[in-house]
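Let me begin by presenting the structure, written as structure tokens, before commenting on it.
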Amino acid sequence: MSTVAIYPGTFDPITYGHIDLIKRASPLFERIIVAVAINPGKKPMFSLDERVELVRETTKGIENVEVCGFKGLLVNEALSMGANVIIRGLRAVSDFEYELQLATMNRRMQSKVETLFLTPAENLSFVSSTLVKEIAVLGGDVSEFVAPCVQEALKRKLPAHN
């Protein structure tokens, strides 16, 4: 049986924390599908197409990674893509309660798909897309937290701070 994982997220924008988790998961699975979500509850800075392209650009050196956009229920997307594992990142204890609820609900809806929690490297445990956007909006340097292509995309979105 092949083990295919799906790593879902809004990735608005993708950070070095996300990339670290993808690299950590890569040797564990035959394929990793990075699924960029349309989340009706969030108002992303980047369009779905822009986010998918940024994820593709930042993960192009990882051979077993595929990138796609999706909307709808994650477990349905996982099954349609042949994934039997959902990868979720935990940065801090504060993430755990919400992530546990999601994992439990996903298992209730689809018992064939398991959730695996991974933690980023310690030096990336505080990085979030929300904080990166806030720093960028305020004209700060985000080079320590995101890839150069993401820095450039942020500059294009926020021309007032160039």
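The values are calculated or read from the model by the stated rules, or taken from the named source; none is laboratory data. Fair warning: this is a prediction, and the values are worked out from it, not measured in the lab. Cβ placement follows ideal geometry from the backbone for every residue including glycine, while neighbour counts extend to all protein chains displayed. Each accessible area value is taken on the protein alone, full model and side chains, heavy atoms only, with ligands, DNA and RNA left out. Shrake-Rupley method; radii C 1.70, N 1.55, O 1.52, S 1.80 Å.
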The stretch 107-129, residues that are touching an Asp or Glu at 6+ places or on another chain (Cβ under 9 Å), assigned to a helix (DSSP H, G or I) and farther than 17 Å from I19 by Cβ: R107
Only one of R24, R108, R88 is among the basic types (K, R) and open to solvent by less than 60 Å² (accessible area, probe 1.4 Å), namely R88
Contact list please: Cβ distance under 6 Å, first residue in the stretch 67-80 and within 17 Å of D49 (Cβ to Cβ), second residue open to solvent by 60 Å² or more (accessible area, probe 1.4 Å), pairs at least six apart or on different chains. V67/R56; K71/I38
Could you tell me which of the residues V55, V67 is open to solvent by less than 70 Å² (accessible area, probe 1.4 Å), assigned to a helix (DSSP H, G or I) and of a type outside the set (S, T, Y)? V55
Please state which of the following conditions M45 fails to meet, knowing it meets all the rest: (1) in contact with a Leu (Cβ under 9 Å, 6 or more places away or on another chain); (2) outside any helix (DSSP H, G or I); (3) over 17 Å from V132 (Cα atoms); (4) open to solvent by 30 Å² or more (accessible area, probe 1.4 Å). (3)
